[in-house]
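Below you'll find the structure, written out as structure tokens, and then a few comments.
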Amino acid sequence: MAVATLPHGATAGHADHGEVDQLYVETRALRLQGFLLFLISDCVLFSSFIFAYLYMRNSGQSWPPPGINHLDVAFAALNSVVLFGSGATMHYALENWKHNNFGRYAFFMIATIVLGILFLSGQAYEYTNLYFKEHVSWAGSGIFGASFFTLTGMHGFHVTVGVIYLTVLFLQSVHGVYTKDKYFGLTAGTLYWHFVDVIWVALFTIFYLI
Amino acid sequence: MVEHRTSAVTLGRGFWTATAVFAVLSALAIWFWTTTPLDIILPPVAAEPGAQIDSLLRFMAACGSALFIFVAGYIVYFAIAFRVRKDDAPDAIGVQVHDNHKLEFWWTIIPTAFVVLLSILSVRIWYGIQIAQPANGLTVEALGHQWYYTFRYPQIHGEITDEMHVPVNQPVVLNVTSADVIHSFWVPAFRLKADMVPGLINTIRFTPTKVGRYPIVCTEFCGTRHGEMDAEIPTENGKPNPGAQYFVVDTPANFEKWYHGWQVKNANASDALPTVSTGAISLAGGDAKAGGALFAQKCSACHAVGPFSQRIVGPGLKGVLHDPAHPNLVDGDPATPENVAKILQNGYKGDIGVMPNEAANGLSDKDIANLVAYLSSLK
Amino acid sequence: MSTTVEHAGGIADHIHPEPQGFIRRYVFSLDHKIIGIQYLITGFVFLVLAGLLAEVIRTQLLHANGGFVSNDTYNEVYTMHGSAMVWLVIIPLITGGFGNIIMPLQIGARDVAFPWLNMLSFWIFPVAGLMLFSSFLIGAPVAGWTEYPPMSLQAGPGTSMWAAAIFLVGVSSTLTGINFVVTMFQMRAPGMTFTRMPLFCWAQLATAPLLMIATTALAAALAALFMERQFGVPFFDPTKGGSPLMWQHMFWFYSHPAVYIMILPAFGMISEIIPTFSRKPIFGYKMIAFSSMAIALAGMMVWAHHMFTSGLAPYLQLPFMILTFTIAIPTGVKIFSWVATLWGGKIHYTTSMLFALGFLALFTLGGITGVFLAAVPFDLHVHGTYFVVAHFHYVLVGGSLMGVFAGMYYYFPKMTGRLMSEKLGKWHFWLFFIGFNGTFLPQHWLGMLGMPRRVPVYDPQFQFWNDVSTFGSYVMTFSILLFFINVLVSIRNGKKSGPNPWGARTLEWQIPSPPHYYNFKNIPTVYGLPYDFSQPLPYKGLEEELTDSPVHVGAH
Ligand code: HEA
Ligand code: HEA
Ligand code: CUA
Ligand SMILES: [Cu+2]
């Protein structure tokens, strides 16, 4: 709103962009806010399952539940590093875009996507291991199996969506959909990717550390 | 700043008259709630902390009525006194007040004070009910079933299936839980209830003070015949329904008689969940395929091939032998093929219902071996 | 004041031509006003269905031993009645319906922030509604709208359908919440600061976070229930290590805030109607706006008052009890402010005002019994009885539904350009008021005397008051029939209303009825609160609205 009430003079710095840019500035503000609110809702979805897991874990059952051995913390930590690494590359991708450095942008963007796929592969490996070696399953291992596979599965689903999303963004940017000044899609992609990282911090803590 | 005509604001005689009328009406309501017996809206109280709950209700109802009389009274009075009249100009407007900080202060503070008072009172009564009741009385256990209750007493073997008896004036510690879904144990005359949640034991403590028979009512939805878990519900032909169970407060002498009667009657009942020993069946050479066919024929009416929780009459049997979350069978024995065979042979009556034995199901030893082979092939 | 200031070339000036063709205009419309009306129509259709289910309930309870429908059918009926009334009637009517139609007009916007998303939110809703009702075909859910496991794990396949349908309604609500927040934050007309925003918008602003946050928590619970039922994933089944109480926490963490989703927007409408028909500024504007926020915030922290008997640790009961009590304070501030607004007014008895006054009285009574329930000792007696049923119908029917009726009589001219019949309207009000009290007042003592809820048969000693209740509900049904007749007749034959039949002062009444596609020819500038009847209107730039001049776009 603040922007809309400004008289023309106040946006003089961008005067050369004319009216269309005013529209862009305002729509960007709308979309950014909408997107953040969406992420907040999504965060509540994860929080509910996390709350459920912690609640049941603490409500007097023996822990860890019978039949469940330890998780492979070392491997998961390695996989986490992959994911956090992709957060860093994503950050650099956006920065380079802002500085008009297309080559490095492309490098970091592809790196992010590759790291994301690597993380997913790691998760797939972990799942098969758990299922076939440790006999931990979604429906057959009590609240632990239920929470672990639901939460990490939801997270994995988000990463998958993210990988697809970033790929689309990358193709779009190659085709010149975004410019130096108008790149809201890339901002949203970055926010989303960082969000997925942050959720993983919480999941890693509750399942592997405590 | 906008200038408004607040100077003309005065309350006038009508207002004070109306206020006086509301005050009198409120006083009458308070008098009513604090003095009349509450028989028309509550069953007569028959246990110790029940009376405290009634006194809390009296307090809340008195204050609530007074509050409601004032709010509704002013609405009606203002609506009449400030209606547009015939001789008003069509664009006549009301007195332009925007707010009045003093008034707003008081109508925030007074409810706040009331809330504080109510909190103190409720916490005290809560303490009387939840904490200060005698901890060592007669300890009784009640189990909810679809759709009846059973009871367990300290020196009676097994379960009691008709009514619950306790002696008058002796503290009772009642532990409740459930064998299937959530039920609730409510005796309206005691004012107390606790939900019967499977896997959880809830406790209520009280002292019955009046000899009598009090209906037990289930207040948590538990399936088709939830409504009939109310002792006062007659069946179609006027007879008491089978789930009708009363809470009977006896004189000590009568209670002794009843108690002793059940001790004798249940002398041989087992406290443990019943298990029957059996001659072993040879499971070698069981044919899973034949077992599957047999299962579809004889078992699927009561069992799904799904997870344990997926009940038809009996539990789902998919994980019966291989599910780490299901290490033991319903009879408490470890989930091994031999023990499953034992259940098929002897049947089993547990919390969920009755699993027929081999005679009732028409099974030969070979059939049982095939069925067990089939069940072990489910994963 | 140069008009160029408002025409900076932003969203406000970015107008697409009005689409032609029936489908784009009325079916897959992007226009918030049309979408709002779509919500209203769909919501009212579901009101009829859910209301008829209520009459099945009451007819069954005419006799102590039932006999109208079977036990299982009865259980399906009240489950669907409760679920449909909450998720398919009140929430969509009051947020999607009135929120969409009124809020953008009141803040001087041309539409909501994301029109396309708005259309999506709407279309999810009838689909979910049909899904919910079609579960009757495969064995509807039986365990009440609260669907406590393990009962809901045992029940027929309709329960999974129920979970999926409610999940979808939740998605729709969440999207609407996001849309409304962004609209109110970003798209207010110049000069429309938050402290000048009409109270209906404040109410929607307080509701939106509940829609976004609480609803998502419900989505998690529903997903878990669905996974447990369909794939055996053990969340709630105690025999497999789950916890039935977990569901109750997750469900009420949503459903207590949900009751404020259902009442806050009604509060908002009352805050518009009472000043208009009293010809007075609303008393205590700031306190009313602020208390909506306080209620929404506190409402997120009291959910366990539904679980006092279910095995919450005794010491945990106390904070929930006391926090619940405190909600009475901001609510009281509202009630007292509305009553004070009446004082010294020039009160016009339109049907809308009658419903608003009825709302004040009945909601107060329902709120007071709510405070009774919040007191743990008393709740131990009446939890799960008809006392609770009486409480929530006083707040939901006497509150939310009456608010919806008040809003309909008030905003109908704005939507259609025609007035509803006042004569039929008054019959509707009085029959409804009498029928309502006849139905639900006796349920208070039925509950205290010992009648549990969700039962198809009951102790014969309760027969008399149940009969009173049932006859009351028939009167209420008849009155609602009058309402529908009134709507249908008035759409075609009602008196022409003109732009502002009530002499109201908020922005939506300063433009034609029904408004143009683009709402405002010029986006107005706002200089003050809308409620000062002694002052000129605090808007500039509206001169052309009621003339034939074309829409003004940009300062080229
Ligand atoms: C619109 C919906 C709505 C609203 C607004 C409310 C408002 C309130 N509700 Fe209600 N409630 C429901 C809908 C609603 N409720 C439903 C649907 C259920 C049952 C669900 C189910 O089990 O199926 C329920 C159940 C329910 C219970 C659980 C009962 C049980 O199952 O055992 C409780 C307990 O605390 C409760 C309390 C309250 C309180 C304290 C308020 C407060 O917000 C009320 C505040 C208002 C006032 C108090 C009146 C005005 C105030 C004054 C005039 C000021 C002065 C007053 C005082 C200081 C007291 N409600
Ligand atoms: C907003 C919510 C809302 C509304 C408006 C209502 C409205 C009504 N409710 Fe309901 N009710 C609930 C929410 C609501 N209810 C909930 C949440 C439950 C709990 C469910 C559970 O336990 O799980 C419940 C439960 C409930 C019960 C308890 C059932 C039980 O526990 O066994 C009863 C019993 O009397 C009842 C009655 C009524 C009645 C008579 C109305 C009346 O006000 C209805 C009036 C409306 C109509 C009758 C529609 C009439 C219209 C027509 C007839 C028009 C015909 C016209 C054409 C065809 C054009 N309701
Ligand atoms: Cu048992 Cu209801
Ligand atoms: Cu609540």
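Of the residues making up segment B:163-202, those that are in a loop (DSSP other than H, G, I, E, B), at the interface with chain C (Cβ under 7 Å from one of its Cβ atoms) and buried (at least 23 other Cβ atoms within 10 Å of the Cβ) are B:Val181, B:Ile182, B:Pro188, B:Arg191, B:Val197. Which residue out of C:Leu264, C:Leu318 is away from ligand 4 (no atom under 12 Å from the Cβ) and buried (at least 24 other Cβ atoms within 10 Å of the Cβ)? Of C:Leu264, C:Leu318, the one residue that is away from ligand 4 (no atom under 12 Å from the Cβ) and buried (at least 24 other Cβ atoms within 10 Å of the Cβ) is C:Leu264. Of all the listed residues (B:Ile41, B:Ile53), the sole one being surrounded by fewer than 19 Cβ atoms within 10 Å (Cβ to Cβ), hydrophobic (A, V, I, L, M, F, W, C), at pLDDT below 95 and not assigned by TED's automatic domain parsing to the domain that holds B:Pro215 is B:Ile41.
When you scan segment A:129-147, do you find a residue that is of a type in the set (Ser, Thr, Tyr), assigned to a loop (DSSP other than H, G, I, E, B) and at pLDDT below 95, even just one?
Yes; the residues of segment A:129-147 include at least one that is of a type in the set (Ser, Thr, Tyr), assigned to a loop (DSSP other than H, G, I, E, B) and at pLDDT below 95.
Here segment C:232-253 is the region considered, the condition is being facing chain B (nearest Cβ under 8 Å) and part of a helix (DSSP H, G or I), and the residue that is nearest to C:Ser310 (Cα to Cα) is C:Leu245.
Within the set of pairs 6 or more residues apart or between chains, which connect a residue that is more than 7 Å from chain C (Cβ to nearest Cβ) and assigned to a helix (DSSP H, G or I) inside segment B:106-122 to a residue that is surrounded by fewer than 19 Cβ atoms within 10 Å (Cβ to Cβ) and of a type in the set (S, T, N, Q) with Cβ atoms less than 9 Å apart? From segment B:106-122, the pairs are B:Leu121/B:Ser55. Inside segment B:36-60, can you point out the residues that are part of a helix (DSSP H, G or I) and either over 18 Å from C:Gly332 (Cα atoms) or more than 8 Å from chain C (Cβ to nearest Cβ) (or both)? Within segment B:36-60, B:Glu48, B:Pro49, B:Gly50, B:Ala51, B:Gln52, B:Ile53, B:Asp54, B:Ser55, B:Leu56, B:Leu57, B:Arg58, B:Phe59 qualify.
Matching residues to (1) part of a loop (DSSP other than H, G, I, E, B); (2) aromatic (Phe, Trp, Tyr):
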position	(1), (2)
C:Gly177	no, no
C:Phe185	no, yes
C:Met192	yes, no
C:Leu218	no, no
C:Leu222	no, no
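All of (1) more than 19 Å from C:Gly447 (Cβ to Cβ); (2) facing another protein chain (nearest Cβ under 7 Å); (3) part of a loop (DSSP other than H, G, I, E, B) hold for B:Asp91 with one exception: (2).
Under 13 Å from the mean Cα position of the chain (by Cα) and within 9 Å of chain C (Cβ to nearest Cβ): does that describe B:Glu228? Criteria not met by B:Glu228.
A quick yes/no check of all residues on (1) surrounded by 24 or more Cβ atoms within 10 Å (Cβ to Cβ); (2) under 30 Å from A:Trp138 (Cα atoms):
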{"position": "C:Ser160", "(1), (2)": "no, yes"}
{"position": "C:Leu168", "(1), (2)": "no, yes"}
{"position": "C:Val182", "(1), (2)": "yes, no"}
{"position": "C:Ala221", "(1), (2)": "yes, yes"}
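When each of C:Leu53, C:Leu105, C:Leu117, C:Leu62 is tested for being more than 16 Å from ligand 1 (Cβ to nearest atom) and under 24 Å from B:Phe221 (Cα atoms), the lone residue that passes is C:Leu62.
Whether any residue in segment B:203-218 is in contact with a helix residue (DSSP H, G or I) (Cβ under 8 Å, 6 or more places away or on another chain) and at pLDDT below 90 is what I want to check. No; the residues of segment B:203-218 include none that is in contact with a helix residue (DSSP H, G or I) (Cβ under 8 Å, 6 or more places away or on another chain) and at pLDDT below 90.
Being aromatic (Phe, Trp, Tyr) and either touching a Phe, Trp or Tyr at 6+ places or on another chain (Cβ under 6 Å) or at the interface with chain B (Cβ under 7 Å from one of its Cβ atoms) (or both), is that true of even one residue in segment C:308-327? Checking segment C:308-327: at least one residue is aromatic (Phe, Trp, Tyr) and either touching a Phe, Trp or Tyr at 6+ places or on another chain (Cβ under 6 Å) or at the interface with chain B (Cβ under 7 Å from one of its Cβ atoms) (or both). Within segment B:14-36, being among the hydrophobic types (A, V, I, L, M, F, W, C) and more than 38 Å from the chain's Cα centre (by Cα) holds for B:Phe15, B:Trp16, B:Ala18, B:Ala20, B:Val21, B:Phe22, B:Ala23, B:Val24. Quick check on segment C:519-549: of everything there that is more than 14 Å from every other protein chain (Cβ to nearest Cβ) and surrounded by fewer than 18 Cβ atoms within 10 Å (Cβ to Cβ), which residue is farthest from B:Ala92 (Cα to Cα)? Step by step, filter segment C:519-549, then rank; the result is C:Ser549. Counting the residues of segment C:369-385 that are more than 14 Å from ligand 4 (Cβ to nearest atom) and either more than 10 Å from chain B (Cβ to nearest Cβ) or without any contact (Cβ under 8 Å) to a residue 24 or more places away in the chain (or both) gives 2. In segment B:21-38, is there at least one residue being surrounded by fewer than 17 Cβ atoms within 10 Å (Cβ to Cβ), of a type in the set (Gly, Ala, Ser) and either over 23 Å from C:Phe363 (Cβ atoms) or without any contact (Cβ under 8 Å) to a residue 40 or more places away in the chain (or both)? Yes, there is a match, as at least one residue in segment B:21-38 is surrounded by fewer than 17 Cβ atoms within 10 Å (Cβ to Cβ), of a type in the set (Gly, Ala, Ser) and either over 23 Å from C:Phe363 (Cβ atoms) or without any contact (Cβ under 8 Å) to a residue 40 or more places away in the chain (or both). So C:Leu449 clears everything in (1) touching a residue at least 24 places away in the same chain (Cβ under 8 Å); (2) more than 16 Å from C:Asn65 (Cα to Cα) except one condition, right? Which one? All conditions pass for C:Leu449, except number (1). When the residues of segment C:451-469 are filtered to those that are polar (S, T, N, Q) and either more than 9 Å from every other protein chain (Cβ to nearest Cβ) or within 11 Å of ligand 2 (Cβ to nearest atom) (or both), which remaining residue is surrounded by the most Cβ atoms within 10 Å (Cβ to Cβ)? The extreme case among them is C:Ser469. The number of residues in segment C:267-294 being away from every other protein chain (no Cβ under 13 Å) and crowded, with 24+ Cβ neighbours inside 10 Å comes to 7.
Can you go through A:Ile68, A:Ile50 and tell me which one is among the aliphatic types (A, V, I, L, M), modelled with pLDDT of 85 or more and touching a helix residue (DSSP H, G or I) at 6+ places or on another chain (Cβ under 7 Å)? One residue alone meets the criteria, A:Ile50. When residues in segment C:350-390 are screened for being touching a strand residue (DSSP E or B) at 6+ places or on another chain (Cβ under 7 Å) and within 16 Å of ligand 3 (Cβ to nearest atom), 3 of them pass. C:Ala304 satisfies every condition listed in (1) more than 10 Å from chain B (Cβ to nearest Cβ); (2) within 15 Å of ligand 1 (Cβ to nearest atom); (3) under 28 Å from C:Met197 (Cα atoms) except (3).
The values are calculated or read from the model by the stated rules, or taken from the named source; none is laboratory data. Given the structure is predicted, the values throughout are model-derived calculations rather than measurements. Note that we place each Cβ from the backbone using ideal geometry, even for glycine, and neighbour counts take in every protein chain shown.
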